[in-house]
């Protein structure tokens, strides 16, 4: 089958220049002033380029990882064939960096590329980088429009542990499991509010002093507050070995509670299926091995990285449904979904 069905399919391609619409209300959503830098890769990058052109956006650029050039030396992706101006192809060592320090460097590099080349917006696609709160907040602070959720929303919904806690507070059912393994690990070493307060003082962490005397705050939540301050400062309060020990204990308990089910380990960040491993029945001893694989895969092995990993019951018969939602805090609409 040729690609003509895709190239000339009216259900895929259309004139999206809203500034030419007959309705004044629709015309206010004209986007021709947007100049986006596309920082994702793969098919979504080409799709974004097509849609931006159909929206009347003429000035946009893309990142090109040096690793792509090394891996695919003799290949030329469709989006590169379509980019006739080489000045709009910006080379970077890789897209995300291998650790926290490199990620911060890459974020600064992306911001500099945008400022130096007249881009006023960032498009990160979906999953992985698009769910990186640090990156989104840095783009906002640099005066760039991030095409996607704001950093606060990414924090509340993009991190899987925060998303589960938000869902639980709203009375929404979630997959059985543990979402605070790092807090449990910290509490093994500092088991009460006084010990956590002493730790925060010793490490110079910016934690609201009133929290340590708040009897309504669960100890595990207080531990999470201390951990959040440690991530902001870029220091570790636990080792990977200590975390793996806690994760193993959690997996063993889940195996007791659900003896006929496998267990899924899942990184709190990332997307596109990254950072997930399944432990078979009776495989709790493999937890440290798989946990380290996850941390390496989502690149959270650096000092000061949030290394939390979810432990969940693996739902064997399920379907993955994604619903796109757009809202402003007062109202929201759904934009369709995919199975």
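The values are calculated or read from the model by the stated rules, or taken from the named source; none is laboratory data. What you see is a predicted model; the values in this text were computed from it and never measured. Neighbour counts run over all protein chains shown; Cβ positions are idealised from the backbone, glycine included.
The residues of the range 268-291 that are within 20 Å of residue 183 (Cβ to Cβ) and modelled with pLDDT of 90 or more, listed by number, are 287, 288, 291.
Of note, residue 336 satisfies the criterion of being within 22 Å of the chain's Cα centre (by Cα) and either closer than 27 Å to residue 40 by Cβ or assigned to a loop (DSSP other than H, G, I, E, B) (or both). Among the conditions (1) crowded, with 21+ Cβ neighbours inside 10 Å; (2) modelled with pLDDT of 85 or more; (3) over 25 Å from residue 64 (Cα atoms), residue 160 misses just one, which is (2). Mind listing just one residue for me: the one in the range 104-124 that is in contact with a helix residue (DSSP H, G or I) (Cβ under 9 Å, 6 or more places away or on another chain) and either at pLDDT below 85 or part of a helix (DSSP H, G or I) (or both) and, of those, farthest from residue 58 (Cα to Cα)? Among those residues, the one meeting the criterion is 104.
Of 146, 52, 60, all but one fail to be modelled with pLDDT of 90 or more and under 15 Å from the mean Cα position of the chain (by Cα); the exception is 146. Here residue 251 meets the list (1) out of contact with any strand residue (DSSP E or B) (no Cβ under 6 Å at 6 or more places or on another chain); (2) in a helix (DSSP H, G or I) almost entirely, failing just condition (1). Screening the range 206-223 for residues that are part of a helix (DSSP H, G or I) and surrounded by fewer than 18 Cβ atoms within 10 Å (Cβ to Cβ) and picking the one that is farthest from the chain's Cα centre (by Cα) gives 213. Assess whether residue 275 counts as being within 13 Å of the chain's Cα centre (by Cα) and on the phi > 0 side of the Ramachandran plot. So residue 275 passes the test. Just to be sure before I move on: is residue 228 at pLDDT 95 or above and part of a helix (DSSP H, G or I) in the structure I sent? Against the criterion (at pLDDT 95 or above and part of a helix (DSSP H, G or I)), residue 228 does not qualify.
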